[in-house]
Amino acid sequence: MALVVHSSSPALVTGDKPRTTASFTAPADSLLVALVSSNAGTTTHTMSSTGGTLTWTSRVKRDILDSGGNVPAVEIFTAPAASSAARTVTATSVFGTFVTLKVLVITGVELSVPVGATGEGSSSTASLTPNVYTSTGKNSLAVGIAADENQAGAVTSSDVGYAWNVSGETSGIAVHKAATTPTPGSTVTLNFNGSGSRLWNWAAIEVLAAPDLPRAAVFRPTGAVHRAASW
């Protein structure tokens with residue numbers, strides 16, 4: 001089944017904690033992917049939502065406690081949405097004061113095992129295109145987030161991106177590939193494009209597609225012959 005980033009995905013929100021999305025209505029049996037960043041230094045994010053109970057799972061994170069890590073904490077959560085309902089999603093940080101949240105609504109996901117490979121890292125390269133993981137599933141989708149400690153200006157991406165740049169806080173971008181990766185075992189990259197002096201933390205996940213349902217076989221009895229009516 002084809003993975004689609006659904007049009008109900010709410011806009012990125014950023015500012016003092018906590019941050020809450022606008023109300024949105026995701027289709028039933030979709031996956032919510034929350035891409036979160038804060039100025040906490042350590043990943044102390046918590047997720048909550050309205051519109052029915054959702055179970056949020058942290059899939060990958062990167063912070064200053066990781067070897068070579070920088071200050072902005074980045075983390076990716078997922079939650080399956082079994083039913084369609086109007087809801088909001090909120091992210092906050094225990095130690096940080098500034099939070100960014102982008103929620104993607106993705107349909108066509110294998111909800112029993114929605115995430116395959118993950119990756120995380122840090123860099124001082126201004127325009128960064130890391131190998132984020134090696135794909136494990138057929139027709140999977142790469143999703144990621146990167147935050148810059150230096151807040152060195154606007155960030156763009158050759159992938160589909162949702163950027164922020166807040167003076168005195170951080171700059172960064174949440175991204176996903178425009179197309180899925182067809183073949184398992186592929187090296188997958190994401191692009192975080194900045195200029196000047198950067199101190200990035202980034203994280204990424206592979207969203208797995210639900211398998212295509214086999215076509216139903218048409219039963220034809222052996223030796224069946226059509227006979228014309230006789231008069």
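Against the list (1) over 15 Å from the mean Cα position of the chain (by Cα); (2) over 26 Å from Thr125 (Cβ atoms); (3) not basic (Lys, Arg), the condition Ser197 fails is (2).
So which of Thr100, Thr88 is more than 20 Å from Ala204 (Cβ to Cβ) and at pLDDT 95 or above?
On inspection, the qualifying residue turns out to be Thr88.
Pairing each residue of region 91-106 that is charged (D, E, K, R) with any residue that is part of a loop (DSSP other than H, G, I, E, B), provided the two are 6+ apart or on different chains, yields C-beta distances under 9 Å for Lys102/Ser9; Lys102/Pro10; Lys102/Ala11; Lys102/Leu12; Lys102/Thr21.
Each residue in region 65-74 was checked for being in contact (Cβ under 8 Å) with a residue 40 or more places away in the chain and surrounded by fewer than 18 Cβ atoms within 10 Å (Cβ to Cβ), and 2 of them qualify.
Filtering Thr88, Thr92, Thr125, Thr118 for residues that are closer than 24 Å to Gly15 by Cα, of a type outside the set (Lys, Arg) and touching a Phe, Trp or Tyr at 6+ places or on another chain (Cβ under 9 Å) leaves a single hit, Thr88. When restricted to residues that are on the phi < 0 side of the Ramachandran plot and either without any contact (Cβ under 8 Å) to a residue 24 or more places away in the chain or under 13 Å from the mean Cα position of the chain (by Cα) (or both), region 164-179 contains 9.
Residues in region 133-149: is at least one in contact (Cβ under 8 Å) with a residue 24 or more places away in the chain, more than 16 Å from the chain's Cα centre (by Cα) and within 20 Å of Val99 (Cβ to Cβ)? Yes, region 133-149 contains a residue that is in contact (Cβ under 8 Å) with a residue 24 or more places away in the chain, more than 16 Å from the chain's Cα centre (by Cα) and within 20 Å of Val99 (Cβ to Cβ).
The sole residue among Thr100, Thr55 that is polar (S, T, N, Q) and surrounded by fewer than 16 Cβ atoms within 10 Å (Cβ to Cβ) is Thr55.
Identification of strands (runs of 3 or more DSSP E) wholly contained in region 1-71 with 3 or more residues that are of a type in the set (Val, Ile, Thr) and closer than 25 Å to Ser124 by Cα yields no element.
Just to be sure I understand, how many residues within region 116-138 are within 17 Å of Ala174 (Cα to Cα), not small (Gly, Ala, Ser) and not in a strand (DSSP E or B)?
The number of residues fulfilling the criteria is 2.
The values are calculated or read from the model by the stated rules, or taken from the named source; none is laboratory data. Small disclaimer: the values here were computed from a predicted structure and weren't measured. Note that each Cβ is placed from the backbone with ideal geometry, even for glycine, and that neighbours are counted across all protein chains shown.
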